[in-house]
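The values are calculated or read from the model by the stated rules, or taken from the named source; none is laboratory data. These figures come from a predicted structure and were not determined experimentally. Neighbour counts run over all protein chains shown; Cβ positions are idealised from the backbone, glycine included. Please note that ligands, DNA and RNA were not included when accessible areas were found on the heavy atoms of the full protein model with its side chains. Shrake-Rupley method; radii C 1.70, N 1.55, O 1.52, S 1.80 Å.
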Amino acid sequence: PYVLESIEFDRLPDNVYTLRTLSDGIKIDDAFKSAKNLVIIGAGSIGTEVAPEAVKRGISTTLVNRGDFILSHNIDPDMSEIVRMHLESKGVNVITGAIPTSINGRGNVESVTIGGNDIPADVVLISTGVRPETSIAAGAGITIGSTGGIVVNEHLQVSIKNGFHPDVYAGGECIEVHDFVTG
């Protein structure tokens, strides 16, 4: 089995995917043409969007999330329950509060172990988000925030000790921004 805590993403089997680029989407679309069982690890925006589309294609789909509710970074638990009921009404098997412990198979994925049960899978989509890689920035004295991302202002200038540097910028998944709605 491929143990999830130590997976190196560049060494995954051909039928385990992440969805970050257009070319990833094309590969996943091709895999779905022959897929019978899909396990999506992570119930954020991507996972919850892909799941019902896979069911429409006749693929038995399980969506698993380590948190107690889906879309936990986007909506409140009560709203999440409405989305969960909708997904289940479309045929998605939703599992929350569980962490997959392994991806099983020799060469090709055969199942994913979740809560001691092996869920059949011939395609796996890992959609758990990313952790910002900020070690170089931290080593250069750039401020790293409480979420682990580089602190930037509204102009994407990085924070260095006494303020924001006028000539150094950061953007993308490695930054931390202030959300004006949630704070």
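Tabulated data
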read-out: Failed criterion for residue 117 (all others in (1) open to solvent by 70 Å² or more (accessible area, probe 1.4 Å); (2) in contact with a helix residue (DSSP H, G or I) (Cβ under 7 Å, 6 or more places away or on another chain); (3) at pLDDT 90 or above; (4) farther than 30 Å from residue 179 by Cβ hold); value: (2)
read-out: Cβ-Cβ under 8 Å pairs, at least 6 apart or on other chains, the stretch 83-97 side closer than 16 Å to residue 116 by Cα, far side surrounded by 12 or more Cβ atoms within 10 Å (Cβ to Cβ) and of a type in the set (Phe, Trp, Tyr); value: 96/69
read-out: Residue in the stretch 73-81 that is in contact with a Leu (Cβ under 9 Å, 6 or more places away or on another chain) and free of Cβ contacts under 8 Å to residues at least 60 places away in the same chain present; value: yes
read-out: Any chance residue 145 is surrounded by fewer than 19 Cβ atoms within 10 Å (Cβ to Cβ), within 22 Å of the chain's Cα centre (by Cα) and within 28 Å of residue 35 (Cβ to Cβ); value: no
read-out: Candidates 120, 132 - the one that is in contact with a Gly (Cβ under 7 Å, 6 or more places away or on another chain) and either aromatic (Phe, Trp, Tyr) or touching a residue at least 12 places away in the same chain (Cβ under 8 Å) (or both); value: 132
read-out: Any hit, the stretch 2-12, residues being at pLDDT below 95, crowded, with 17+ Cβ neighbours inside 10 Å and not in a strand (DSSP E or B); value: no
read-out: Pairs with Cβ under 9 Å, 6+ apart, first in the stretch 16-44 and over 29 Å from residue 79 (Cβ atoms) and among the hydroxyl-bearing types (Ser, Thr, Tyr), second open to solvent by less than 60 Å² (accessible area, probe 1.4 Å) and modelled with pLDDT of 90 or more; value: 34/122; 34/123
read-out: Residues that are of a type in the set (Gly, Ala, Ser), over 25 Å from residue 18 (Cβ atoms) and assigned to a strand (DSSP E or B), drawn from the stretch 103-160; value: 159
read-out: Looking only at the stretch 21-73, and only at residues there that are within 19 Å of residue 104 (Cβ to Cβ) and basic (Lys, Arg), the one that is surrounded by the fewest Cβ atoms within 10 Å (Cβ to Cβ); value: 36
read-out: Single unsatisfied condition, residue 96 versus (1) under 28 Å from residue 68 (Cβ atoms); (2) open to solvent by 60 Å² or more (accessible area, probe 1.4 Å); (3) at pLDDT 90 or above; (4) of a type in the set (Ser, Thr, Tyr); value: (2)
read-out: Residues satisfying the stated conditions in the stretch 164-183, i.e. in contact (Cβ under 8 Å) with a residue 24 or more places away in the chain and assigned to a loop (DSSP other than H, G, I, E, B); value: 170, 173, 174, 177
